[in-house]
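Novice: Sharing a structure with you now.
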Amino acid sequence: MNNKYHVSNQRMYNTTTLHRTVTVDGLSISYREAGDQSNPKLVLLHGFPSSHQYHNLILALADHFHVVAPDYPGFGNSDIPNPNEHTFNRLSEIMEALVYHVHQHDGTAAVSSCESSFPAPSMATRT
């Protein structure tokens, strides 16, 4: 059977993912951002290796959320930190500062992480 048409199950998204950086305590932190900034905020924390793993999810969520997916220090396109200062607590502080900066200092954002995302529990319990 000669089929002239190819049907794909891929959805076409009407959004753009921006690749940005912000400097946090001297480190350039790379992140992906999509969606209207007036929408509810959603931060996607990854495991290994970078925010690229969320590429399709960012596009799918951007119609309803302002989505930010950072690359941790030392991963993706973010700077490599000093090994003596590279702790889980320090990593969560850097991610908190990024969220604060990107979400216009309002301090509100839902954070989602994959099972190997180590800063999320520390961020959630920080007072």
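The values are calculated or read from the model by the stated rules, or taken from the named source; none is laboratory data. Computed from a predicted model, the values in this text were never measured in an experiment. With ideal geometry, Cβ positions are generated from the backbone for all residues, glycine too; neighbour counts draw on all protein chains shown.
Novice: For region 54-82, give me each residue that is free of Cβ contacts under 8 Å to residues at least 40 places away in the same chain and polar (S, T, N, Q).
Specialist: Within region 54-82, 56, 82 meet the criteria.
Novice: Regarding region 85-100, can at least one residue be identified that is modelled with pLDDT of 65 or more, among the aliphatic types (A, V, I, L, M) and closer than 17 Å to residue 40 by Cα? Spell out how you get there, then give the answer.
Specialist: Restricting attention to region 85-100, the residues satisfying the condition of being modelled with pLDDT of 65 or more are 85-100.
Still in the list and also among the aliphatic types (A, V, I, L, M): 91, 94-95, 97-99.
The next check asks that each one be closer than 17 Å to residue 40 by Cα; those that pass are 98-99.
Checking region 85-100: at least one residue is modelled with pLDDT of 65 or more, among the aliphatic types (A, V, I, L, M) and closer than 17 Å to residue 40 by Cα.
Novice: Shifting gears a bit: Confirm whether residue 122 is modelled with pLDDT under 65 and not basic (Lys, Arg). Break it down stepwise before answering.
Specialist: On the way: modelled with pLDDT under 65: yes; not basic (Lys, Arg): yes.
When the stated conditions are applied, residue 122 passes them.
Novice: Which of the residues spanning region 37-85 are surrounded by 14 or more Cβ atoms within 10 Å (Cβ to Cβ) and aromatic (Phe, Trp, Tyr)?
Specialist: 54, 65, 72, 75
Novice: Inside region 83-97, can you point out the residues that are more than 10 Å from the chain's Cα centre (by Cα) and either in a helix (DSSP H, G or I) or touching a residue at least 60 places away in the same chain (Cβ under 8 Å) (or both)?
Specialist: Of region 83-97, the ones more than 10 Å from the chain's Cα centre (by Cα) are 83-94, 96-97.
83, 84, 85, 88, 89, 90, 91, 92, 93, 94, 96, 97, listed by residue number.
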